[in-house]
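Throughout, read-outs are computed from the coordinates displayed, never taken from laboratory work. It should be emphasised that the depicted structure is a prediction, and the values quoted were computed from it without experimental measurement. Ideal geometry is used to build each Cβ from the backbone, glycine not excepted, and the neighbour counts take in all protein chains shown.
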Amino acid sequence: MAKAAPASIKKEIDGLRKKLRHHEYRYYVLDDPEISDAAYDKLMERLKGLEAAHAELITPDSPTVRVGGAPRDGFQTVRHARAMLSLDNAFSYDALRDFDRRVRESSGKERIEYIAEHKFDGLSISLQYEDGVVVRGVTRGDGTTGEDVTPNVKTIHSIPLQVDTAVLKKAKLPSDFEVRGEVLMTRKAFEALNRQQEQSGGKIFVNARNSAAGAVRVLDPSITAARRLDFFAYYLFVDGKVPFPRHSDSLAALKQLHFRASDDWKLCSGIDAVIAYCEDWDAKREKLPYEIDGVVIKVNATAIQNELGYTAKAPRWAIAYKYPARQETTVVNDIIVQVGRTGALTPVAVLEPVQVGGVTVSRSTLHNMDEVERLGLQIGDTVLIERAGEVIPHVLKVVKEGKNRRPFHMPKLCPECGSAIHKSEDEVAYRCVNAACPAKRKESLLHYASRHAMNIDGLGEKIVDQLVDTGLVKDVADLYALKEDQVAALDRMAEKSAQNLLAEIAGSKKNSLARLIYALGMRFVGERTGQLLAEHFSSLEELAAAKEEQLVAVPEVGPKVAAAIAEFFSEAANRQLIKKLHRAGVHPTAEKREVKSDKLAGKSFVFTGGLVNRSREEAGELVQQHGGKVSGSVSKKTDYVVVGSDPGSKYDKAKELGVTILTEAEFEKLPGLK
């Protein structure tokens, strides 16, 4: 029988959870953080470590559950305590006036008090709380039953996993209640997702709503966790009933319970005030951080809501006013190519200028060649475009083929630097792999100087911008030719700060080969792969000369990574950069690992989850110092899988194959590690 955790440990865990919940609320709901990301991460790692060491103290409402668990086999359906009905739509102000007339006639009131709210463009979700803890998250489904997506919604930081008893008491609510609202993706998160998809050659998402809905309805919660989803609450129920006399009371209570609820709702006396609200937000909605496609209008008084009741599909006391779609047709005059920060080539439609929602539109991204082919688009065609928010508009479809239409082809040479364009068979993206390409220059420099690469402190974004814009630096090797007077002349720099930066740059020459390999920014080559390559090849020149078959012989380097490395060094400009670095004094050779013993010789280890006493990289280094091997995947040949907090699929694979599983404490006790 496991020994009970000391009271001091339980107290620390409770305190950490309380602090983390507070900081999540400040960051994700109020947008007003009190501590840095690093300080938050430190608290989280401490909690993960304590929970890993004392599994009996893990609770379903712990902040650590937000990272997402193991994938599931399928969704279970759940019946809603109160039907989740859709709303009738109004597409004109006349339709809103008809709605108001019906409400007044049915209720016998001369004037109705309404609540006007944003109509979020997301996925409706019901959250069930028991004893103040979220126990179930369910999609709308058919309105009567929905899909249980509880592990997924728990990864959304703006959804409280627990509501404090004192807060519930202050709001005059019991500990069992239901909250309904909308899961959505902000414009910023959506744009970041598509940038990431473009860089990785993945599918481009058409709109934020689809990407948010898709992220909630996946069987792997880690995918949901990886996307920055938000939740806005707008309904509160107790035993399937509204607990307050007015809807406005429910909205105020939701804020009190630390849910994110819109601050932009308005109490409107009569339908004219509602129409004024709709007009006001039609002009301002592009400034919101998220998409809205209309306004929801609800009778404020709960008693009148109950009196009006429902049709078979929708409440009679609410309606959704839908803003007109911001779409127009125009002609594609040309298709040009832009080179992104990572070297990915993006086709862009040059349009006949057209007004869309009050904004003149003359360009639209086409994302990649697959999208061009899917649309069947050629230069000269007439297309339907839609503007959603302040981002570049999206081409929806070809509505008329041009009389003298001509197809678009990706260039064979980079339009920025003239280097050959590369494309892998398993990706949709075309790329320039020249590390010194002007389009990639700033990103390459920032990565090269980052903490886990060459660790050049002081070489931040603003300095890099000036170095590139002034022409002082065209590639990473140029950093080593900078003079003090050149650096001191930059904005926000002086003699002392220039000396410090140049000292950092000079000091980076002493970094390891592993760091340099990682710093070059080859696709799929992270820190660990850089270390493995540095152990296998004696110098950067030897790595550059390696064939793909030699590269795949390196542990954990598969065909995809090997092809990316070979592709990088096949570019003449990159080989020239290696020579230039060598002449600048940056030519580290492989470092021999210190071997302390052979007590783990022949043993293979895999690490998964968060460790407390050391990082997984440090633990792996320790294994190798004693003759063992570290792998990134579990197989029948694996001897030990070391499990920390929140282990991933490797843990499940180890159990399936019967591989020996060690806790961190058991790993630390292995013979010869001390």
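Of the listed values (i) 29.0; (ii) 26.8; (iii) 30.2, grab the one calculated as Kirkwood radius over Cα pairs in Å from the structure here.
Only one listed value fits the structure, namely (i).
Specify the longest stretch of the chain that does not include any exposed loop site, a site being one of the chymotrypsin sites (Phe, Trp or Tyr not before Pro) with a non-H, G, I, E, B DSSP assignment and at most 15 other Cβ atoms within 10 Å. All intermediate terms of the calculation are to be shown ahead of the outcome.
Working: sites that count: Phe91, Phe524.
Free of exposed loop sites, the longest segment is 92-523.
Could you please state, rounded to a whole Å, how far the C-alpha centre of the range 489-545 is from the C-alpha centre of the range 275-292?
48 Å
Quick check for me: using +1 on Lys/Arg Cβ and -1 on Asp/Glu Cβ, what's the dipole size of the chain about its Cα centre, in debye to the nearest 20?
680 debye
Taking 31 Å as the cut-off for C-alpha to C-alpha distance, list the pairs among Lys42/Lys579; Lys42/Lys172; Lys596/Lys636 that go past it. All intermediate terms of the calculation are to be shown ahead of the outcome.
Working: Lys42/Lys579 41 Å; Lys42/Lys172 36 Å; Lys596/Lys636 27 Å.
Cα-Cα > 31 Å for Lys42/Lys579; Lys42/Lys172; rest within.
With a point put 7 Å past each Cα toward its Cβ, work out how far Asp426 is from Lys637 in nm, to one decimal.
So the two model labels end up 1.9 nm from each other.
Would you please state which residues of the range 431-447 a label at His409 would reach in this model, taking the label point 7 Å out along Cα→Cβ and a backbone N cut-off of under 18 Å?
431
Pulled fully out, how much extra length does the chain show between Ala553 and Leu657, if you take 0.36 nm times their separation in residues and subtract their Cα-Cα distance? Walk me through the numbers before you get to the answer.
Numbers: separation 104, 0.36 × 104 = 37.44 nm, distance 2.50 nm.
So the chain would gain 34.9 nm between Ala553 and Leu657.
Report the calculated FRET efficiency for Asp131 and Asp272 (r = Cβ-Cβ distance, R0 = 56 Å), to the nearest 0.05. Could the numbers behind the result be given before it?
Details: r = 45 Å, r/R0 = 0.81.
According to the calculation, E is roughly 0.80.
Restricting the count to DSSP beta bridges whose residues both fall in the chain, what percent are antiparallel, rounded to a multiple of 5? Could the numbers behind the result be given before it?
Details: 76 of 89 bridges.
Looking only at bridges with both residues in the chain, the antiparallel portion is about 85 percent.
Report the calculated FRET efficiency for Asp465 and Val359 (r = Cβ-Cβ distance, R0 = 30 Å), to the nearest 0.05. It would help to have the intermediate numbers written out before the result.
Numbers: r = 28 Å, r/R0 = 0.93.
That gives a FRET efficiency of 0.60.
From the backbone phi of the range 376-383, what are the Karplus-calculated ³J(HN,Hα) couplings (6.51 cos²θ - 1.76 cosθ + 1.60, θ = phi - 60°) in whole Hz, Gly and Pro given as x?
Each residue of the range 376-383 in turn: x, 8, 10, 5, x, 6, 9, 10 Hz.
Suppose each label sits 7 Å from its Cα in the direction of the beta carbon; what would the Ala572-Glu373 distance come out to in nanometres?
According to this spin-label approximation, the distance is 3.0 nm.
Return the FRET efficiency for the residue pair Lys474, Glu618: r is the Cβ-Cβ distance, R0 is 35 Å, and the value is rounded to the nearest 0.05.
Details: r = 37 Å, r/R0 = 1.06.
Computed FRET efficiency for Lys474 and Glu618: 0.40.
Report the full-extension gain for the segment Asp41 to Thr165: residue separation times 0.36 nm, less the Cα-Cα distance, to one decimal in nm.
Values: separation 124, 0.36 × 124 = 44.64 nm, distance 2.65 nm.
Separation in residues times 0.36 nm, less the Cα-Cα distance, equals 42.0 nm.
Using a cut-off of 17 Å between alpha-carbon atoms, which lysines can reach Lys154, once sequence neighbours fewer than 8 places away in the same chain are excluded?
Within the straight-line cut-off, Lys154 pairs with Lys18, Lys48.
Would you calculate the separation in nanometres between label points at Asp491 and Ala584, each defined as 7 Å from the Cα along the Cα-to-beta-carbon direction?
2.4 nm
What is the extension gain from Lys188 to Lys509, computed as 0.36 nm multiplied by their sequence separation minus the C-alpha to C-alpha distance, in nm to one decimal? The partial results should precede the final answer.
Details: separation 321, 0.36 × 321 = 115.56 nm, distance 3.75 nm.
Taking 0.36 nm per residue and subtracting the Cα distance, the gain is 111.8 nm.
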